[in-house]
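Student: Structure below; questions to follow.
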Amino acid sequence: MNTEWLPALILLVPLCGALLALANRRTAPYFSVLAAFLTLILAVSAAWQVEAHGPVHGSDGLFYLDALGALYLLPVSFVYFTSSLYAIGYLWARQQEQANDAAEPRYRQYFPLMNVFALVILAVPLVANLALMWIAIELTTVFSAFLVAYEDRAEALEAAWKYVALTSMGAMIALLGVLMLYYGTHAAGQAPTWDGLLKAAPHMSAPLLLLAFVLWLVGFGAKTGLVPMHTWLPDAHSQAPASVCAVLSGVETSAALYMLLRLYPALAVNPGIHDPAAWYMSAGLITVGSAAFMLIQVHDFKRMFAYSTIEHMGIILTACGIGAAIHEQGTVYQLFAHGFTKSFCFFAAGLAGIIFGTQEIAKVRGLISRSPAAGWALILGTLAIAGTPPFALFLSEFEILDTGYSSGQYLPTGLLTAFIVIAFIALAYQATRIAFGTPDPVQKEISPVKIPRSSQAAMVIAFIPVLVFGFYLPPPLTHLVHEAAQLLEVQG
């Protein structure tokens, strides 16, 4: 079967969705949902082809999709679909809450931006050239900044500006690393792709390759939310609509982390670079530890899930250092499962904010009594993102820790365990206060808020993989995870 057209078609569909959404305000949401659904089907087809027949090539080397790229492509396309569906009712309810009149949401501004935002994220695992990947990641900042500032409030505009300033500076730093890798691969006679970089890495100057990695760690680390470059992330997530947070936190932060993960094998095969795993573990543990303690003192439940994202980015980076050399699959599965789980958390948080009219944890009590659907969704989402069974992240975190202890890496694994436990306690404490706390007497008199049907449907759909992938992986997906883990494993 000829699959060369698949990568280009995956990018063409959201572009068409954006153009159709511009044409008419009333039909914009439905064209966007249709485009997102078609993109999801195409992404599943592409992943199926990669699992069955190996990497997909397209357009004379412009596109390339392997197992790790396919494993990242799946949650991106899924979250694009669920967030588009969720936004239809959520934006309407949010507009009524803030305007208190018959004002209608600006669908014609929101959905074209969301479609193009999804397009550039989808391009990261699909394009073959390192420079094009950098351009795609930088474009995610450009388009998502308008979505962060969608509500035109002073706080949202400030958060969007901070987001653009910090991540754009990081992008410029990462660009220097890209140029160094371009030079190194060209000098070795290889193409500036992941495969070419891996072939060129043993022959590259070790200081050059290590400096490129440090520039990527700082530059892409700012986009990922690694500490101390994380400060934009809680602000942006607290001000952006929940449907935007689902994409930002679920899959956009993972795009830059995806780049860092793919660089690890190149560092490991260079004979002049000793123990690259230490760099990954150090940066990861600093991030996980800082996020765990930030979760203890958080006062806004959307910021709570933002700090949880920072924690998970650190877990994935630490896991790569602990287990990539010994074929540990928890790293890639954590990257995969995080996208589904975190988007579900923000869907629940967005509805809680509408129901109470605030995101302040101290002012939100008895969510389950006000809205059982939103309350239980928040509880289940918190348990899932904290890594409790039977949810998907439990499997990945258990394998990461098991690999660390069984391979004798007691210090980093012990620290990671402690930080995960602290984060779990903080998340569970905050969520139980929100869901089961005694409501304020004034709140008891407020009539229940009706959850928009599209948002409710999106939450149900989003929860399915969070639960199912915790105890069952279809054989093709299991094989894809195995193949993706092999791409991070250092051969020989």
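Student: At a threshold of 8 angstrom on Cα-Cα distance, excluding pairs fewer than six apart, so keeping six or more, what relative contact order does the chain reach in percent?
Tutor: Values: 883 pairs, mean separation 84.0, N = 492.
Normalised by residue count, the contact order of the chain is 17 percent.
Student: Now, a different point. What is the packing order of peptides 176-182, 54-60, taking the mean over residues of other C-beta atoms within 10 Å and listing the highest first? List each step's numbers first, then the result.
Tutor: Numbers: 176-182: 19.9, 54-60: 15.4.
Packing order, densest peptide first, comes out as 176-182, 54-60.
Student: Could you rank Met172, Met204 by how accessible they are, 1.4 Å probe, largest area first? Please list the in-between numbers first.
Tutor: Numbers: Met172 100, Met204 15 Å².
Highest to lowest solvent-accessible surface, that is Met172, Met204.
Student: Continuing with the same structure: Need one value: the accessible area of Met169 in square angstrom, 1.4 angstrom probe, rounded to the nearest 10.
Tutor: Answer for Met169: close to 110 Å² accessible.
Student: By Kyte-Doolittle mean hydropathy of at least 0.5 and Cα axial length of at least 30 Å, which whole DSSP H helices of the chain are selected? Don't jump to the answer; show the numbers that get you there.
Tutor: Values: long enough: 28-53 (37 Å, 1.32); 67-99 (46 Å, 0.61); 154-187 (49 Å, 0.99); 276-296 (31 Å, 1.40); 301-323 (32 Å, 0.76); 330-356 (37 Å, 1.17); 410-436 (38 Å, 1.55).
Those that clear 30 Å and a mean of 0.5 are 28-53, 67-99, 154-187, 276-296, 301-323, 330-356, 410-436.
Student: For the modelled label position 7 Å from the Cα of Tyr429 along Cα-to-Cβ, which residues of the stretch 274-299 have backbone nitrogen atoms closer than 12 Å?
Tutor: Only 293-299 fall inside the zone, counting backbone N under 12 Å.
Student: Report the FRET efficiency, 1/(1 + (r/R0)^6), for Asp275 and Phe436, where r is their Cβ-Cβ distance and R0 is 56 Å, rounded to 0.05.
Tutor: Values: r = 47 Å, r/R0 = 0.83.
With R0 = 56 Å, the Cβ-Cβ based efficiency is 0.75.
Student: Another question about this same structure. Could you give the distance between the Cα centres of the stretch 386-431 and the stretch 256-293, to the whole Å?
Tutor: Comparing the Cα centres of the stretch 386-431 and the stretch 256-293, I get a distance of 18 Å.
Student: Find the accessible area per residue for the stretch 294-441; the probe is 1.4 Å, ligands and nucleic acids are left out, and the unit is Å². Don't skip to the answer; put the middle values down first.
Tutor: Numbers: 4440 Å² over 148 residues.
Counting only protein heavy atoms, the per-residue value for the stretch 294-441 is 30 Å².
Student: Would you please put 287-294, 134-141 in order of how densely packed they are, using the mean number of other Cβ atoms within 10 angstrom per residue and starting with the highest?
Tutor: On the way: 287-294: 22.5, 134-141: 21.0.
Packing proxy ranking, top to bottom: 287-294, 134-141.
Student: Counting only residues 5 or more places away or on other chains, whose amide H sits under 5 Å from the amide H of Phe63 once H atoms are built in the peptide plane?
Tutor: Long-range HN contacts for Phe63: Gly58, Ala128.
Student: Here's a follow-up. How many percent of the alpha carbon pairs in the stretch 150-212 exceed a separation of 13 Å?
Tutor: Numbers: 1304 of 1953 pairs.
Cα-Cα pairs in the stretch 150-212 separated by more than 13 Å: 67 percent.
Student: As an exercise, take the mean of 1/r over every pair of distinct alpha carbons in the stretch 111-216, invert it, and state the Kirkwood radius in angstroms. Can you show the working numbers first?
Tutor: On the way: mean 1/r = 0.0661 Å⁻¹.
Taking the inverse mean of 1/r over all distinct Cα pairs, the stretch 111-216 comes out at 15.1 Å.
Student: Which order do peptides 218-228, 384-394 fall in by mean Cβ count within 10 Å, highest first?
Tutor: Working: 218-228: 24.5, 384-394: 22.1.
Ranked by mean Cβ neighbours within 10 Å, highest first: 218-228, 384-394.
Student: If ligands, DNA and RNA are left out, what is the accessible area of Cys245 with a 1.4 Å probe, given in Å² to the nearest 10?
Tutor: Using a 1.4 Å probe on the heavy atoms, I get roughly 0 Å².
Student: Separation of the stretch 1-79 and the stretch 193-228 by C-alpha centroid, Å?
Tutor: If you average the Cα positions of each part, the centres end up 28 Å apart.
Student: Further question on the same structure: Calculated from DSSP H runs of 4 or more alone, at -39500 (n - 2.57) each and per residue, what is the 222 nm mean residue ellipticity of the chain, nearest 500? Display every interim value, and only then the final one.
Tutor: On the way: 21 runs with 373 residues, N = 492.
Mean residue ellipticity, 222 nm, calculated: -25500 deg cm²/dmol.
Student: Something else now. Rg and Dmax in Å for the chain, alpha carbons only: what are they?
Tutor: Rg then Dmax for the chain, in Å: 21.4, 72.
Student: Once the mean 1/r over all distinct Cα pairs of the stretch 373-414 is inverted, what Kirkwood radius in angstroms do you read off? Present the calculation step by step, with values, prior to reporting the outcome.
Tutor: Details: mean 1/r = 0.0877 Å⁻¹.
Over the stretch 373-414, the inverse of the mean reciprocal pair distance is 11.4 Å.
The values are calculated or read from the model by the stated rules, or taken from the named source; none is laboratory data. Keep in mind it's a predicted model, so treat the numbers as computed, not measured. FYI the Cβ positions are ideal-geometry reconstructions off the backbone, even for glycines, and counts take in every protein chain you see. Quick note on the areas: whole protein, heavy atoms, side chains included, nothing else; ligands and nucleic acids left out. Shrake-Rupley method; radii C 1.70, N 1.55, O 1.52, S 1.80 Å.
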